[in-house]
Structure formats: C-alpha cells, structure tokens
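Here the structure is laid out as structure tokens; the discussion comes afterwards.
The values are calculated or read from the model by the stated rules, or taken from the named source; none is laboratory data. Since this is a predicted model, take the numbers as computed values, not measurements. Note: ideal-geometry Cβ built from the backbone for every residue, glycine included; neighbour counts use all protein chains shown.
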Amino acid sequence: MTRTIKLAVAAAVALTSTAAFATNGDHLIGVGAKSRGMGGIGIGMSHGAETALSNPAMITTVTGTEVSFGGTVFMPDVENSMNGGLTYTSSGADLSVIPEVAVAQKATENFSWGVGMYGVAGMGTDYATHNENMNFSTNLQLMQFAVPLAYKIGGFSVGVAPVLQYGSLDINYNGALDVSNMYGPGAMAPVSAGAGNKNYGVSQDFGLGYNVGLAFSEEGLTLGASYKSAINMNYDHQITGAVQSFHDFGLLMNITDDSLEQPAEIGVGASYTFSGNTIAVDYKRINWASANGYGDFGWEDQDVYMIGYQYAQDSWAVRAGYNYGKNPVKEQSGLNPNGAALNMFNLTGFPAIVEEHYTIGGSYAFNNTTSADLAYVYVPQVTETYSTAAFAGFGAMNPTSVSTKHSQNAVTAQVNFKF
C-alpha cells in the first residue's frame, strides 16, 4: 500500500512542470475550480469532493459517489532587480501545471469518506542564465494525499483527514556576479566571486499531518471551522548548502538545518443560500512565523480574508470572489548584514509577496452525471524593494537594494462525475 501511494504521488508530481507560485505565501488560495472561482472559499461552504482539504466535514454533502479531477495552469510573472530597480530581469519560471484528483462517497446515512491527491503549494524563480541575478534558481513543489472521513448527525458534521505530503526542493545560485552591471566598475560582490551553494540536485521528502473540520447547516445557513496541522519536511543539503556561502561571512548563522515546515492553519467560515444565490466568507490564519525554516527567514504570520458569491440554477452556476492575504515576507533591516542577506534571499528566490486576488468561475452540467467547472484568478502586480544597504561595505558604489515585481494569472479546469 505504501509503495502504491508513493507511486501515485510521484505520478501526479510528474505532471507538474517548472516551479509553481502559490498566492497566500506559498499556498494556493483554494483547491479545486469551485473554490478558486470564489476566492478560495471552502471552510464554510461545501464544494463536494474537492472540499476535503479545506474542511473534511463538508464532504457529507455528497449524496452518492462524486469523482473530480482537473488542474490549474499557473502563469506567474516575476521580475527581479539587484541594482535598486534600475534594470529588471524576468524569471523563467512562468508556467506550471498543478494537478488535482478527488473522490468522495456517502457510505451510510451518517458516514462519508473520500480520497484525493492535490497540488497544494509551491514557489520558485529561474534566473539560471542571468549573472546579474546570481543565477538564482529555486523550485519548491508540494503534493498532498488525503483520506477524509466524516460523520454527520442532523445538521452537525465532523471530519478528519490524515495527510501524506510529498515535497521537493531545489536551490541553486552562483555568487560570481556581473558586478559592473549591478553597482558600477570596480565594485565588489556581496558574496565572494565563485561562491554559491553546492549543486546537490533535487531533494525530496515525505511528511505526515492531518486536517480536522466541523460544520453545521440549517435552513440555508452553513458554518464551518477547520484546523490543519503543521507538516515538517527536511530537504537534505538544500537550505544548509544555500546559506553556506553566507555562513562564511558570519551571516544567517541561525539557519543550521534543512527543515522547511508547512505551517499550521486555523480557519472559520460561513455561507448563506437564498433563491439560488450564495454569499460566503472565510478567514484563516497561516502560522509562518513559528514554522521551521520560514520563521528563520523572517516570515510573519498571515491573516487571509475571502469573500465569494455564487448564483446557481439546475444546470449552471456562475461565481466570483476576492482573496486578500498580507505579504508574509517581512523586510529586515538592510543596515544589518544579516538582514540584508535575508532580504536578498527572500525577494530573489522566494518572492511570495502578492496580496490581492480577483476570481471568477462557472459550472455547467451536461446531464445528471457529468459536469465541468472553470475558474480564472487574476493577481495584480505588486512591487517590493528591500534594503541591502549593508552590502555597500563590500565595495558597492551606491546604496544597494533588491526589488521584485510579481503578478499572476491562473486558469483551473475540472470535470466531475456523480453516481
């Protein structure tokens, strides 16, 4: 059984190309086309089989057997500058395919269960051919395999989903900078020429966690709550290898292992349906600051607010939504060499800085058995410039800073079968 699970997860990961950018930190704003069409709503509203990871208690709304599969085509547009925004270089990691498969079944009058594999998170940049960006390349991909189990009594439901997470991480850069382009003739590099992390290839790991959820529904009103446990991952040599060159200068000394823990989340939500209209709101808090790895890189906890609307008739539905999560990548003091190093590393390799997400979506039922969903997510461009002024002490001719521009487009398509 364990070998079968690993092969299934590996097969799903094989469908994912290049590096993904998720949008609340490194998380997708929602799993599945219905959720993504409503701004990530899924804690206080059921979307059938696809709701397993948002709130496993919600799968009790499935009346027979439901199978959902599809994926997201993710198109981030990221540009980085290491010369204070004078010139920008575009990241080559601009297209990803993120798969999803979910099954849910009402086994008895009170008990429901399911199974699913989901691409849930990821991030990365690709400046491998650009010396002026230290040839920085990062690629984090996360897949989760979950088995939701839910029990319903009257209007109350409780659910739990054991989660097996697969992750892969690859970090590479080269400290041999084209400093004449960055700071002017004669300038010295912040990282010594030829420095960089050793190329260990891609590191992989499996981790275990769980999601739990509660739901109550009566006369059009649905309330929900969910908790996702942290899942610790260890990517051999990737993080310690990446910071070794900085350690040589006495920087980033608090980063001593290869842990990168997906943080715990807690959330609540509510929805109300009347005359074909549904209005829904969700809130969740993502605990980046206490997660191994992310906390070391100065990430802050993130509050995420979602609002969604759906109008549904017998064979079709339209949706719209908005999602806001404040940038968790906190700027450190660039006057401090350690803070300058963190700013450079975060904005160049892991620029999870987008905040606002506008979404639309729809569904069409071809018959009583088969339906299709579609969602589009637009993220307007944001620009962050963090100070690396402390690196001027290495010979730079001007005050230094690192800047990143980041916007996103994404399309999610999904096919559903009900039996």
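Look at residue 61 and say whether it is more than 25 Å from residue 358 (Cβ to Cβ) and modelled with pLDDT of 90 or more. Give the derivation first.
Details: more than 25 Å from residue 358 (Cβ to Cβ): yes; modelled with pLDDT of 90 or more: yes.
In short, yes.
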If you scan region 295-305, which residues turn out to be more than 16 Å from residue 23 (Cβ to Cβ) and crowded, with 19+ Cβ neighbours inside 10 Å? 297, 298
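If you check 184, 196, which single one turns out to be modelled with pLDDT under 70, closer than 30 Å to residue 95 by Cα and not aliphatic (A, V, I, L, M)?
Values: 184 fails: closer than 30 Å to residue 95 by Cα.
None of the others qualify; the one that does is 196.
Taking the condition surrounded by fewer than 19 Cβ atoms within 10 Å (Cβ to Cβ), modelled with pLDDT of 90 or more and of a type in the set (Phe, Trp, Tyr), does residue 235 pass? Walk me through it before giving the result.
Details: surrounded by fewer than 19 Cβ atoms within 10 Å (Cβ to Cβ): no; modelled with pLDDT of 90 or more: yes; of a type in the set (Phe, Trp, Tyr): yes.
For residue 235, the condition - surrounded by fewer than 19 Cβ atoms within 10 Å (Cβ to Cβ), modelled with pLDDT of 90 or more and of a type in the set (Phe, Trp, Tyr) - is not met.
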Go through region 88-115 and give me each residue that's at pLDDT below 90, among the small types (Gly, Ala, Ser) and over 14 Å from the mean Cα position of the chain (by Cα). 92, 93
Among the numbered conditions (1) part of a strand (DSSP E or B); (2) within 30 Å of residue 153 (Cα to Cα), tell me where residue 314 comes up short. (1)
Report yes if residue 382 is among the hydrophobic types (A, V, I, L, M, F, W, C), within 26 Å of residue 263 (Cβ to Cβ), touching a residue at least 40 places away in the same chain (Cβ under 8 Å) and surrounded by fewer than 21 Cβ atoms within 10 Å (Cβ to Cβ), otherwise no. yes
In region 289-298, is there at least one residue being closer than 16 Å to residue 325 by Cα, part of a loop (DSSP other than H, G, I, E, B), touching a strand residue (DSSP E or B) at 6+ places or on another chain (Cβ under 9 Å) and among the charged types (D, E, K, R)? no
State which residue is surrounded by the most Cβ atoms within 10 Å (Cβ to Cβ) when the search covers only region 75-108 and only residues that are over 30 Å from residue 47 (Cβ atoms) and of a type in the set (Ser, Thr, Tyr). 91
Hey, among 241, 220, 308, which residue is crowded, with 23+ Cβ neighbours inside 10 Å, in contact (Cβ under 8 Å) with a residue 40 or more places away in the chain and more than 19 Å from the chain's Cα centre (by Cα)? 308
When (1) surrounded by 23 or more Cβ atoms within 10 Å (Cβ to Cβ); (2) at pLDDT 90 or above; (3) touching an Asp or Glu at 6+ places or on another chain (Cβ under 8 Å); (4) under 20 Å from residue 138 (Cβ atoms) are applied to residue 203, the one that fails is (1)
Going through region 137-158 one residue at a time, which ones are among the β-branched types (Val, Ile, Thr) and surrounded by fewer than 18 Cβ atoms within 10 Å (Cβ to Cβ)? 147, 153, 158
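So is residue 362 among the small types (Gly, Ala, Ser) and under 20 Å from the mean Cα position of the chain (by Cα) or not? Walk me through how you get there before you give the answer.
Numbers: among the small types (Gly, Ala, Ser): yes; under 20 Å from the mean Cα position of the chain (by Cα): no.
So residue 362 does not fit the description; no.
Counting only residues that are within 21 Å of the chain's Cα centre (by Cα) and buried (at least 24 other Cβ atoms within 10 Å of the Cβ), which one in region 122-136 is farthest from residue 86 (Cα to Cα)? Walk me through it before giving the result.
Within region 122-136, the first condition is being within 21 Å of the chain's Cα centre (by Cα), and the residues that meet it are 122-127, 136.
If we keep only those that are buried (at least 24 other Cβ atoms within 10 Å of the Cβ) as well, we get 122-125, 127, 136.
On the way: 122: 29, 123: 25, 124: 23, 125: 20, 127: 17, 136: 19 Å.
Of everything passing the filter in region 122-136, 122 is farthest from residue 86 (Cα to Cα).
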In region 211-246, what count of residues is obtained for those that are touching a helix residue (DSSP H, G or I) at 6+ places or on another chain (Cβ under 6 Å) and of a type in the set (A, V, I, L, M)? 2
Subset of region 251-283 [within 14 Å of the chain's Cα centre (by Cα) and either over 28 Å from residue 331 (Cβ atoms) or of a type in the set (D, E, K, R) (or both)]: 261, 265
Go through the residues of region 341-361 one by one and say whether even a single one is within 27 Å of residue 68 (Cα to Cα), out of contact with any His (no Cβ under 8 Å at 6 or more places or on another chain) and of a type in the set (Gly, Ala, Ser). yes
Filtering region 331-365 down to residues that are without any contact (Cβ under 8 Å) to a residue 60 or more places away in the chain and in contact with a Ser or Thr (Cβ under 8 Å, 6 or more places away or on another chain), which residue is farthest from residue 136 (Cα to Cα)? 365
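For region 2-20, does any single residue satisfy the condition of being basic (Lys, Arg), closer than 27 Å to residue 150 by Cβ, assigned to a helix (DSSP H, G or I) and at pLDDT 95 or above?
So in region 2-20, the residues basic (Lys, Arg) come out as 3, 6.
Cutting the leftovers down to closer than 27 Å to residue 150 by Cβ gives us 6.
Within this subset, residues satisfying the condition of being assigned to a helix (DSSP H, G or I) are 6.
Then keep just the ones that are at pLDDT 95 or above; that gives none.
Within region 2-20, not a single residue is basic (Lys, Arg), closer than 27 Å to residue 150 by Cβ, assigned to a helix (DSSP H, G or I) and at pLDDT 95 or above.
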Pairs needed: first member in region 67-86, over 23 Å from residue 355 (Cβ atoms) and outside any loop (DSSP other than H, G, I, E, B); second member anywhere, among the polar types (S, T, N, Q) and at pLDDT 90 or above; C-beta distance under 6 Å; at least 6 residues apart or different chains. 68/414; 68/416; 70/414
